[in-house]
Amino acid sequence: MTIPLEYFVIVSAAIFLTGAVGFLLRRNLLVLLMSIELMLNAVNLTLVAFNRQYTGDHTGQIFTFFIIAIAAAEAAVGLAIVLAFFRLRNTVRSDDADLLRN
Amino acid sequence: MNTLELAFFGACTIVAFVGALLTVVAKNPIRGAMGLLATIVGIAGMYLLLAAEFLAAIQLLVYAGAVVILFLFVIMLLGPSAQSKRDSRDAVSRYLGAGVMLLSGLAAVFLLFRTQAPGMTTFGKAPKDFGTIESIGHQLFSTALVPFELSGALLLVAVIGAVAVARGKQVDPTLLPAPQPKHPEAAPQLPAAPAAPAAAHVKEARS
């Protein structure tokens with residue numbers, strides 16, 4: 001492996017930034033959930049790269065395993081909430097999720 | 001630097017970048033899901049480059065095989081109303097996202113060329129059993145057994161909660177738009193409780 005560690009960190013940072021921008025700017029709830037998945041993937045890449053470099057064991061990969069499991073659970077629950085919200089309001093815009101306002 | 005490894009890394013980077021950009025920019029969520037899929041495949045290729053074969057397989061199986069398919073199912077369930085609206089604020093936010101993404105990509109490329117220093121961290125030689133399912137499983141069941149079991153419980157709770165949330169029909173009727181049942185017997189969305197007293201009332205009126 002002759003590719004430096006910094007390359008992986010830079011790629012991961014760019015993907016994380018993309019996910020963060022998408023989460024902050026978009027208004028479609030489905031796109032919001034997909035942006036969260038982008039950010040989790042970027043963090044996973046960083047964990048695996050640092051694990052390959054700095055530890056002799058698999059601690060980073062085990063962390064990544066748990067993050068993937070939690071991301072799957074989050075996607076299931078989030079999509080169920082989106083479905084329930086769509087049944088209630090007939091839209092998926094996050095601006096319309098204002099039932100608790102006032 | 002090994003040219004073949006660099007080419008593979010570059011290909012994975014391009015696929016992941018284009019996928020991330022598509023995910024953030026796409027108006028149609030199906031295209032967004034396809035972009036997410038491309039990002040996942042690109043990151044799985046980087047896992048292979050980092051000698052984490054088990055994680056690459058898990059990434060493809062869980063993310064590409066389960067999460068993206070779940071997204072696609074929900075998008076198809078919602079139909080055309082899942083698309084982003086064509087109003088100006090949404091377009092501004094989408095293209096602002098694209099602009100920030102392109103800027104960050106340019107900054108990343110600039111950093112890559114600026115950091116061609118001799119002090120860059122190159123990877124050492126991987127241990128012999130690095131990233132195999134056997135060694136990861138050994139460590140997972142010896143040092144992280146309790147979190148592993150708890151993640152199983154978490155997944156079970158998530159499945160039950162998703163089912164409970166997605167099929168719950170007890171909503172406040174004052175928040176709903178006025179229901180317009182075309183055929184009273186073919187309206188499965190309505191709760192059965194308000195219909196029963198009316199039927200009883202009709203029956204009483206008949207008798």
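The values are calculated or read from the model by the stated rules, or taken from the named source; none is laboratory data. In this text the structure is predicted, and so the values were computed from the model without any measurement. A quick note on method: Cβ atoms are made from the backbone with ideal geometry, for glycine too, and the neighbour counts reach across all protein chains shown. Just so you know, the surface numbers come from the protein's heavy atoms only, side chains and all, with ligands and any DNA or RNA stripped out. Shrake-Rupley method; radii C 1.70, N 1.55, O 1.52, S 1.80 Å.
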* Asked: Are any residues in region B:22-34 of a type outside the set (Lys, Arg) and surrounded by fewer than 22 Cβ atoms within 10 Å (Cβ to Cβ), and if so, which ones?
  -> B:Leu22, B:Val25, B:Asn28, B:Ile30, B:Met34
* Asked: Mind checking which residues of region B:3-21 are open to solvent by 70 Å² or more (accessible area, probe 1.4 Å) and polar (S, T, N, Q)?
  -> B:Thr3
* Structure fact -> Checked region A:12-50 for anything open to solvent by less than 30 Å² (accessible area, probe 1.4 Å), of a type outside the set (Gly, Ala, Ser) and at pLDDT 90 or above; matches are A:Ile15, A:Leu30, A:Val31, A:Leu32, A:Leu33, A:Met34, A:Glu37, A:Leu38, A:Asn41, A:Asn44, A:Leu45, A:Val48
* Structure fact -> Across (1) modelled with pLDDT of 90 or more; (2) more than 8 Å from every other protein chain (Cβ to nearest Cβ); (3) in contact with a helix residue (DSSP H, G or I) (Cβ under 8 Å, 6 or more places away or on another chain), B:Leu61 clears everything bar (3)
* Asked: What number of residues within region A:72-95 satisfy the criterion of being more than 7 Å from chain B (Cβ to nearest Cβ) and in contact with a helix residue (DSSP H, G or I) (Cβ under 6 Å, 6 or more places away or on another chain)?
  -> 3
* With the condition kept exactly as written, say whether any residue in region B:60-74 is at negative phi, in a helix (DSSP H, G or I), over 12 Å from the mean Cα position of the chain (by Cα) and of a type in the set (Val, Ile, Thr). => no
